[in-house]
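So the structure is just underneath, and the comments pick up after that.
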Amino acid sequence: MIHSAIHGARHDITCVLHTHTPAGMAVSALDCGLLPLNQTAMRFAGSVGYHDFEGVAVDLDERQRLVDDLGDNDVMILRNHGLLTVGVTVAEAFVNMLRLERACQTQLLTMSAGVSLRMPPQSVIDRTFQQLRRQPSPDKNGRFPPHGEREWPALLRLLDERDASYKN
Ligand SMILES: [Zn+2]
């Protein structure tokens, strides 16, 4: 239901990932949501969609609200539920999820220290977001490749080396 809703509306993307990891579920239940506490999190600063929990997502009526809440963003936190990322490629959706998951883990670790949080100035957060929202340099055709394009072949080689049974 969730995946088809996004695919039906966002024709600019080809992959939707959705997870229920402990760190993602934990941040999804925080009123503050994802905070720009570190460079990894700033990749998503101001560009995270939030969707309120309505129960297990089986109601077709919820589809439009999911699409509206994602908007043009690449990532969405499903409140009290988990994480969702999209990408123009599988690789991009994957690295978006990897970074969002890492940002959630790090936020929880930071908050668990139990002291006041140090946030950079908004101007620095905005600058970092602009720096990280796309690849740092264009390719020889002048286009900015999707995130993950460079990492993906290496990740597949790593997977092949550890356990190639996913191919069967
Ligand atoms: Zn779910």
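The values are calculated or read from the model by the stated rules, or taken from the named source; none is laboratory data. Note that the structure is predicted; figures quoted are calculated from it, not measured. Note that we place each Cβ from the backbone using ideal geometry, even for glycine, and neighbour counts take in every protein chain shown.
Conditions tested, residue by residue: (1) among the acidic types (Asp, Glu); (2) within 15 Å of the ligand (Cβ to nearest atom); (3) surrounded by fewer than 16 Cβ atoms within 10 Å (Cβ to Cβ); (4) over 22 Å from Leu98 (Cβ atoms).
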{"position": "Ala29", "(1), (2), (3), (4)": "no, yes, yes, no"}
{"position": "Met42", "(1), (2), (3), (4)": "no, no, no, no"}
{"position": "His51", "(1), (2), (3), (4)": "no, yes, no, no"}
{"position": "Val56", "(1), (2), (3), (4)": "no, yes, yes, yes"}
{"position": "Asp59", "(1), (2), (3), (4)": "yes, yes, yes, yes"}
{"position": "Gln64", "(1), (2), (3), (4)": "no, no, yes, yes"}
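Remark: pairs (first residue in the range 107-129, within 12 Å of Leu35 (Cβ to Cβ); second residue in a loop (DSSP other than H, G, I, E, B) and of a type in the set (A, V, I, L, M, F, W, C); Cβ separation under 6 Å; 6+ apart in sequence or on different chains) = Gln107/Leu35; Gln107/Leu37; Thr110/Leu37; Ile125/Ala45.
Restricting attention to the range 112-129, the residues that are assigned to a helix (DSSP H, G or I) and surrounded by 11 or more Cβ atoms within 10 Å (Cβ to Cβ) total 7.
The residue that is nearest to Val115 (Cα to Cα), among those in the range 1-59 that are part of a loop (DSSP other than H, G, I, E, B) and within 12 Å of the chain's Cα centre (by Cα), is Leu34. Quick one: is Ala57 modelled with pLDDT under 95, small (Gly, Ala, Ser) and out of contact with any strand residue (DSSP E or B) (no Cβ under 6 Å at 6 or more places or on another chain)? When the stated conditions are applied, Ala57 passes them.
Between Leu98, Leu109, Leu84, the distinction of being assigned to a helix (DSSP H, G or I) and within 16 Å of the chain's Cα centre (by Cα) belongs to Leu98 only. When you scan the range 132-147, do you find a residue that is charged (D, E, K, R), in contact (Cβ under 8 Å) with a residue 40 or more places away in the chain, surrounded by 14 or more Cβ atoms within 10 Å (Cβ to Cβ) and not in a loop (DSSP other than H, G, I, E, B), even just one? Within the range 132-147, none of the residues are charged (D, E, K, R), in contact (Cβ under 8 Å) with a residue 40 or more places away in the chain, surrounded by 14 or more Cβ atoms within 10 Å (Cβ to Cβ) and not in a loop (DSSP other than H, G, I, E, B). Can you name the residue in the range 68-95 that is away from the ligand (no atom under 16 Å from the Cβ) and among the β-branched types (Val, Ile, Thr) and is also surrounded by the fewest Cβ atoms within 10 Å (Cβ to Cβ) among such residues? Selected residue: Val90.
Against the definition (touching a helix residue (DSSP H, G or I) at 6+ places or on another chain (Cβ under 8 Å) and either among the small types (Gly, Ala, Ser) or without any contact (Cβ under 8 Å) to a residue 40 or more places away in the chain (or both)), how does Ala103 come out, yes or no? Spelling it out, Ala103 is indeed touching a helix residue (DSSP H, G or I) at 6+ places or on another chain (Cβ under 8 Å) and either among the small types (Gly, Ala, Ser) or without any contact (Cβ under 8 Å) to a residue 40 or more places away in the chain (or both). Listed by first and then second residue, the pairs with beta-carbon distance under 6 Å, at least 6 apart or on different chains, first residue in the range 2-19 and over 12 Å from Gln64 (Cβ atoms), second away from the ligand (no atom under 16 Å from the Cβ) and part of a helix (DSSP H, G or I), are Cys15/Val90.
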